[in-house]
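As structure tokens, the structure follows; a few thoughts come after it.
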Amino acid sequence: MINNSGDPFHSHELFLNALDFEREVIEFFAPFYGFDRDNLWGIVTFSGTDGNNHGIYFGSKCLENKTHKKPIVYVSDAAHYSNMRLADLQNFELRLIPSDIHGCMIPEEFEKALVPNRPALIIYAMGTTFKGGIDNQDKLNAILAKYPSIVAYRHVDAALFGGYLPYTKYRDVVNRKVHPFDSIAVSGHKFFSMDEPAGIFLTTEDVLKNQNPYQVSYLNGNMPMINCSRSALAPLKLWWLIHHVGEDGFTEQADGMLERAEWLKEKLDAMGWPAGLEPMSNTVYFKRPNEAIVEKYGLAPDYDERLGGELSHIVVMRHVTKEALQGFLDDLENSNGK
Ligand SMILES: *Cc1c(COP(=O)(O)O)cnc(C)c1O
């Protein structure tokens with residue numbers, strides 16, 4: 001049994017654990033998201049959802065501590081459903097903001113929904129689930145700037161895109177020095193291709209200081225995170241990936257994914273098959289093909305009246321080769337537009 005119950009940043013080595021490795025993993029990833037190592041706290045999580053759970057929980061405690069008011073959670077209706085589930089679980093008033101046809105929160109709708117006398121816990125979706133839209137942080141921040149009385153906390157849900165974006169020319173979009181945010185959640189089993197669900201959650205010392213401390217004597221410390229027992233194997237696997245794939249490997253993998261996503265979009269365009277690919281995205285969405293093709297490739301369904309109704313998408317991950325995509329394109333070609 002190996003167990004990472006405890007805080008990787010204040011570890012006390014009471015039993016067999018990988019807390020030092022966990023801390024190294026967090027410290028490796030920190031600069032890619034614009035966190036300074038001397039103002040950093042984070043953990044390896046069980047999943048992207050677990051990271052979002054920490055983002056909402058830490059964000060709300062931080063805001064409540066500073067304002068003595070309960071925040072309102074704002075997230076777009078195209079964001080991953082875990083955010084809605086977690087706002088419900090944590091009993092927050094949720095404002096679901098309509099998204100545009102690209103899957104991005106509509107800034108004017110955000111402004112209409114803003115409640116001036118309550119703190120705002122905003123979740124920026126970086127890679128919405130179906131269309132791969134990225135919320136426009138500049139425009140949403142400009143709206144917040146018009147309401148200086150609203151104390152805000154920004155959590156970034158970057159479960160999928162947050163894995164690869166730091167290794168592309170789009171890296172600034174997940175850099176808090178360029179676009180300020182307070183915490184970020186990224187999955188470990190998506191871009192980093194771990195063999196079990198896991199993720200990372202990163203935030204600052206300031207946010208950590210504003211949490212409810214639970215001084216737990218048998219663990220020799222204050223336990224800020226939600227879970228007691230945590231995986232010690234997941235940090236070891238991430239540590240292994242960092243040392244065996246590393247920044248160069250991640251860069252090559254990220255470039256390949258985006259290149260193949262663009263290639264797929266161009267092929268669909270050439271075929272005249274309605275398709276979309278948002279900037280910085282590896283997710284190509286298109287008019288849903290016939291049932292046989294949907295079954296064969298396990299395509300996920302969605303529906304958007306504004307784009308002609310039934311849609312599917314392909315998330316171009318590392319294992320989605322050009323050969324596999326070409327097979328799909330051939331099937332589509334042979335389906336006579338159905
Ligand atoms: C996959 C995903 C999640 C959920 O992450 P899990 O690791 O599956 O819990 C949350 N948000 C976004 C944007 C995702 O892509």
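What follows is calculated from the coordinates using simple rules that are stated; it is not laboratory data. Fair warning: this is a prediction, and the values are worked out from it, not measured in the lab. Quick reminder, even Gly has a Cβ in these numbers, built from the backbone with ideal geometry, and neighbours come from all protein chains shown.
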### Query
Can you count the Lys pairs in region 131-271 whose Cα atoms are under 28 Å apart, with each pair 8 or more apart or on different chains?
21
## Note on the structure
With DSSP loop assignment and no more than 14 other C-beta atoms within 10 Å, the chymotrypsin sites (Phe, Trp or Tyr not before Pro) in region 1-76 are F15
## Note on the structure
Expressed in angstrom and rounded, the centroid-to-centroid distance over alpha carbons for region 104-181 and region 1-37 is 27 Å
### Task
Hey, can you grab everything whose amide H is under 5 Å from the amide H of A152? Only 5+ residues off in sequence or another chain; H modelled, so Pro and N-termini drop out.
A120
### Query
Where the centroid of each part is defined by its Cα atoms, how far is region 288-338 from region 184-261 in Å?
32 Å
### Query
So for region 229-331, what percent of the C-alpha to C-alpha distances run longer than 17 Å?
60 percent
#### Entry: Pairwise label distance in nanometres, D269 with E108, each label 7 Å out on the Cα-Cβ vector
2.8 nm
### Query
Using a simple spin-label model with points 7 Å from Cα along the Cα→Cβ vector, what separation in nm is obtained for R85 and H243?
3.4 nm
### Summary
Protection proxy (average C-beta count within 10 Å per residue), highest first, orders 64-70, 280-286 as 280-286, 64-70
### Beta bridge orientation in region 78-219: antiparallel %, DSSP, nearest 5
45 percent
#### Entry: Among 76-88, 151-163, the order from most to least packed when residues are scored by Cβ within 10 Å on average
151-163, 76-88
#### Entry: Packing-based order for 293-300, 230-237, using average beta carbon neighbours within 10 Å, highest first
230-237, 293-300
### Task
Round to the nearest 0.05 the FRET efficiency obtained for F15 and K177 when R0 = 35 Å and r is the Cβ-Cβ distance.
0.40
#### Entry: Karplus-derived HN-Hα couplings along region 291-308 (A = 6.51, B = -1.76, C = 1.60, θ = phi - 60°), whole Hz, x at Gly and Pro
4, 4, 6, 4, 5, 4, 9, x, 6, 7, x, 8, 9, 9, 3, 5, 10, x
### Query
Distance in nm between label sites at S193 and K66, each 7 Å beyond Cα in the beta-carbon direction?
4.0 nm
